[in-house]
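Chemist: The structure is given below, and queries will be raised subsequently.
What follows is calculated from the coordinates using simple rules that are stated; it is not laboratory data. Predicted model only: the values in this text are computed from it and were never measured. Because the Cβ atoms are built from the backbone with ideal geometry, glycine has one as well, and the counts that use them run over all protein chains shown.
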Amino acid sequence: MRHATRRLRGAFLVATLLSLMMAVFVSGTASAAPRKPVSHPHLLFVTWNDLSQLMHHSRTSPTVNPSNPVVCYIIHIHSDANGLDTAAELAFTGDEYGLLRARTNPAQDGGWERFRECQDQVTRIMTLQSLANNDYVSTELGGVGTEYARLRARATSVGPWEQYYVQQGFASNEINIISAANNLCVAAELGGVGNQYARLRARTPCNQTGPWEQFVFNVTS
C-alpha cells in the first residue's frame, strides 16, 4: 500500500512538472507574437526593438497588401494629456486645412472628431482617415521648425506619410501613435496657443514619450 501511494505521488509530481514546463513554453511562444493592448483588442502593437525593421518594410512595399487581412474601426482619438478628443480642423485654410488638434470635449463630439482606423494584420501598418472629409491623415514632413511633422487630414490616397504604427503607452488603456514616415511618436502639443493649441505633431523619440504622447482610441459607431 505504501509503495502504491509513493508511486501515485511520484506520478502526480511528474505530471505537475510537465504542466508547468508546457505553460512556460506556451508563454514564451506567445510573447514572440505581436501584442494586443488590453483596451484595444483589435490593434497590434510594435515595440521599440522591432520598429526599425518595420520602418524599412513600410518604405519598400505597398501600404496595404490586398491579400492581407485588414481590420477597421470608427474611433475617436482621445488625448489623455488634456482629456479632449481630436478634431480635423476643416474650417482652417491653406496649409492649416485639416490640422488635427486635441480640443473637443468628448460629450460634444461631432463629425470632425470621427476617424476610420484600419490596420493591416500582417505588417501592422495603420491608416487614419477623417470621416469629415474622407481624407487620410498625413505626417507633414515638408514643414520646417515647429511646422515639421504636423498631422493633417488632407491626403486622397495612402503613401509613406500616411502610415502609422502603435505601441503600448504608459497605462494599459493608452497607446502611442508612431509615424512610419519619420519613426517618431505623435504628441498633442499643449504648449501651443490659440489655433495651435494641442495640435498633433510626430516629433518625439518613441523611447522618450511623456504625457503628451498618450492617446486612447475609443471605438464608436
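Chemist: Before we move on, is PRO160 over 17 Å from GLU96 (Cα atoms), surrounded by fewer than 14 Cβ atoms within 10 Å (Cβ to Cβ) and of a type outside the set (A, V, I, L, M)?
Modeler: In short, no.
Chemist: Additional query: Exactly one of (1) crowded, with 16+ Cβ neighbours inside 10 Å; (2) closer than 24 Å to THR123 by Cβ; (3) touching a Phe, Trp or Tyr at 6+ places or on another chain (Cβ under 8 Å) is unmet by ALA149. Its number?
Modeler: It fails just one condition, (3).
Chemist: Considering only residues that are part of a loop (DSSP other than H, G, I, E, B), among the aliphatic types (A, V, I, L, M) and in contact with a helix residue (DSSP H, G or I) (Cβ under 9 Å, 6 or more places away or on another chain), which ones fall in the stretch 125-144?
Modeler: Once the filter is applied, which keeps residues that are part of a loop (DSSP other than H, G, I, E, B), among the aliphatic types (A, V, I, L, M) and in contact with a helix residue (DSSP H, G or I) (Cβ under 9 Å, 6 or more places away or on another chain), the stretch 125-144 yields ILE125, LEU131, ALA132, LEU141.
Chemist: So the check is Cβ under 9 Å with 6+ separation or different chains; which pairs have a first residue in the stretch 171-197 that's in contact (Cβ under 8 Å) with a residue 60 or more places away in the chain and closer than 24 Å to HIS42 by Cα and a second one that's of a type in the set (Phe, Trp, Tyr) and in a loop (DSSP other than H, G, I, E, B)?
Modeler: Once the first residue is in contact (Cβ under 8 Å) with a residue 60 or more places away in the chain and closer than 24 Å to HIS42 by Cα and sits in the stretch 171-197, its partners that are of a type in the set (Phe, Trp, Tyr) and in a loop (DSSP other than H, G, I, E, B) give ILE175/PHE45.
Chemist: Using the structure shown, decide if ARG154 is touching an Asp or Glu at 6+ places or on another chain (Cβ under 6 Å) and more than 25 Å from ASP80 (Cβ to Cβ).
Modeler: Spelling it out, ARG154 is indeed touching an Asp or Glu at 6+ places or on another chain (Cβ under 6 Å) and more than 25 Å from ASP80 (Cβ to Cβ).
Chemist: Here's another thing I want to ask about it. Keeping to the stretch 185-196, report how many residues are surrounded by fewer than 23 Cβ atoms within 10 Å (Cβ to Cβ) and of a type in the set (A, V, I, L, M).
Modeler: Matching residues across the stretch 185-196 total 2.
Chemist: Please go through the stretch 183-204 and give me each residue that is over 15 Å from the mean Cα position of the chain (by Cα) and not charged (D, E, K, R), ordered by number.
Modeler: Of everything in the stretch 183-204, those that are over 15 Å from the mean Cα position of the chain (by Cα) and not charged (D, E, K, R) turn out to be LEU190, GLY191, GLY192, VAL193, GLY194, ASN195, GLN196, TYR197, ALA198.
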